Structure formats: C-alpha cells, structure tokens
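Q: Supplied in structure tokens, the structure appears directly below.
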Amino acid sequence: MKMDRKAHGVALAVGTGFLLAACGLDVKPDYIDKRGDDYKYESDRAAEKNNSIFGGESGFNLLDLGKGKANEGGGGGIGVNSYLWRASLDTIAFMPLASADPFGGVIITDWYSPPEAPQERYKMSVYILGRELRADGVKVAVFRQRLNGGGGWADSAINKDTAINLENQILSRARQLRVARTQK
C-alpha cells in the first residue's frame with residue numbers, strides 16, 4: 001500500500017511524538033519559574049537539575065554538550081553568566097543598544113551623546129567572558145568621539161579608568177542580583 005505525502009507526514013509526526021514520549025521528555029510549553037526575568041520550561045528545569053535530558057550526571061546534555069554541570073548563574077538558555085548579563089544591561093541601560101548576543105556574551109551600544117555634552121558621543125562594547133560570576137568575567141571597551149570644526153566626528157582619547165569603573169559597576173550590580181536571588 002502506497003502512502004501519500006500527507007499521510008506520510010502524519011505518520012512521521014506521530015512516530016516522533018511516541019519517540020519523545022518514550023524518552024520521558026516533557027514538552028509542555030507552560031512556564032513554571034517566574035522569578036525575575038527567568039522563564040524556564042519544565043523540561044529545561046529537569047535538564048538543569050539532572051544535568052542531562054536523559055537523567056543523571058553522566059548523560060548527554062544538549063545545552064552544554066556533555067561538559068558537566070552548568071556553572072552557577074549560567075542558566076540553560078544563555079551562554080554566559082546570567083547575573084553578569086543582566087547587570088551589564090542594567091548598567092548601560094541609558095545608552096541605545098546596537099546588538100546583544102546572550103550566547104556569545106557581547107553587548108554593543110550605539111553612539112550616545114549626553115545632553116550636557118552634545119559635542120561628544122560615546123559607544124561601548126561589553127564582553128562577558130564566561131559562565132561563572134568572577135571579577136575577570138567582564139570586559140568593557142569605551143569609545144569616544146568629538147565633533148570637529150568641519151561637522152564630522154573624530155576619535156578622541158578616553159580616560160583608561162572609565163572602562164575599569166564600568167566593569168566594577170557591572171560586578172557590583174551582578175553581586176546585588178545574586179544576593180537578591182539567594183534571599184528569595
């Protein structure tokens with residue numbers, strides 16, 4: 001008996017459903033964890049708890065490819081430390097974002113001119129370097145330009161302590177977020 005395309009697709013979908021059910025995966029789309037901005041599926045929470053979608057610590061984890069337990073604050077859906085990520089976004093919230101990559105840990109702002117100095121503009125890149133909350137886990141690069149007489153923008157030197165001060169602000173905010181989370 002020959003199956004048409006539609007029947008073949010239905011059979012494939014049903015077979016896949018049975019396969020997933022046999023693995024014991026829960027594919028419910030209901031959110032269960034609503035602390036802060038973290039929303040996790042029940043299956044994600046089980047994977048974090050057991051470090052494997054198949055159970056146990058030695059199983060295969062689709063999220064970190066079997067590298068072991070997720071580091072504190074890393075989370076299942078983000079490639080970097082979630083406290084550093086949120087703290088970075090909080091710290092530079094006054095600037096417009098050009099791009100943000102939570103898997104690679106890169107935040108790039110667009111140019112921003114402070115109201116008190118319209119002849120200057122700033123741009124930042126924030127790099128989150130790992131999944132652990134560590135003092136060397138964040139790097140900030142700050143760029144400054146000044147308006148020249150011809151109406152164009154020219155690069156200008158910036159105090160080297162500016163980037164260090166921003167890194168320290170991000171780390172302080174990350175610690176605050178972590179403490180707030182552990183006190184819940």
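Coordinate-derived values only; no laboratory data. Quick caveat, the model's predicted, so the values are computed rather than measured. So basically every Cβ, Gly included, is an ideal-geometry build from the backbone, and we count neighbours across all protein chains shown.
Q: Along the Cα-to-Cβ line of residue 116, 7 Å from the Cα, sits a label point; which residues in region 78-106 have backbone N less than 18 Å from it?
A: Backbone N within reach: 92-95.
Q: I would also like to ask the following. For region 79-161, state which trypsin sites (Lys or Arg not before Pro) are in a DSSP loop and have at most 10 other beta carbons lying within 10 Å of their beta carbon.
A: Working: sites: 86, 121, 123, 131, 134, 139, 144, 146, 160; in loops: 131, 134, 160.
Sparse-neighbourhood loop trypsin sites (Lys or Arg not before Pro): 160.
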